[in-house]
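Trainee: Here you go, one structure.
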Amino acid sequence: MATPASPNLIAALEATTHRVLERLALELEDLGLSHGEVNALAQLEPGAVRTIAELQAATGQRASTLTGVLDRLERGGLVERRLNPRDRRSFTVTLTDKGVAAAKRVDQTFREMEGRALRAVSQRSAKGFFDVLRALDELPAA
């Protein structure tokens, strides 16, 4: 990977994100899922119930994008949406049996890829990386 004379953190993060997504697409190709669908499955756990708002916060996807993602996952038999019994104006999402298998596969692939990357750097470097991600996530909107 060639680096410019003065690397830009945001440009590097975006480029790396695209490469990671391509690697994930190759590793999970047989599931036939989009990046957004993989992202949503990665945030769902077997037996757990998540609200749409919780899932949106966890995935970082816009509400309209997440709606389409959940529509496709539901059509594929991977998730089920139900009215939220605590707030009948909202919905909850759970994994189906088929979704549990797919989510476990996504989780395993994420863990393996993360493990390979983290073995290549020190714990201090990994902590610093997560500190930078947190700082970027907490930046106020312009």
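Trainee: Would you pick out the residues in the range 64-95 that are touching a helix residue (DSSP H, G or I) at 6+ places or on another chain (Cβ under 9 Å), closer than 27 Å to VAL20 by Cα and either assigned to a helix (DSSP H, G or I) or not aliphatic (A, V, I, L, M) (or both)?
Mentor: Listed by number, the residues that qualify are THR65, LEU66, THR67, GLY68, VAL69, LEU70, ARG72, LEU73, GLY76, GLY77.
Trainee: Do you know which residues across the range 74-90 are closer than 12 Å to VAL49 by Cα and either at pLDDT 95 or above or in contact with an Asp or Glu (Cβ under 9 Å, 6 or more places away or on another chain) (or both)?
Mentor: Correct list: VAL79, GLU80, ARG81.
Trainee: Also, I was wondering about something else. Among the residues that make up the range 55-69, is at least one of them on the phi > 0 side of the Ramachandran plot and at pLDDT 95 or above?
Mentor: No, the range 55-69 contains no residue that is on the phi > 0 side of the Ramachandran plot and at pLDDT 95 or above.
Trainee: Another one. Filter the range 75-121 down to the residues that are out of contact with any Phe, Trp or Tyr (no Cβ under 8 Å at 6 or more places or on another chain) and of a type in the set (S, T, N, Q), then identify the one that is surrounded by the most Cβ atoms within 10 Å (Cβ to Cβ).
Mentor: THR92
Trainee: With the structure loaded, tell me whether ARG124 is more than 17 Å from GLN43 (Cβ to Cβ), exposed (fewer than 10 other Cβ atoms within 10 Å of the Cβ), among the basic types (Lys, Arg) and modelled with pLDDT under 95 or whether it fails that test.
Mentor: No.
Trainee: So, one more: Identify the single condition in (1) at pLDDT 95 or above; (2) among the small types (Gly, Ala, Ser); (3) over 15 Å from the mean Cα position of the chain (by Cα) that GLY47 does not satisfy, given that it satisfies every other one.
Mentor: Only one criterion is unmet by GLY47, namely (1).
The values are calculated or read from the model by the stated rules, or taken from the named source; none is laboratory data. Since we're looking at a predicted model, the values are computed, not measured. All Cβ positions, glycine included, derive from the backbone under ideal geometry; neighbour counts span all protein chains shown.
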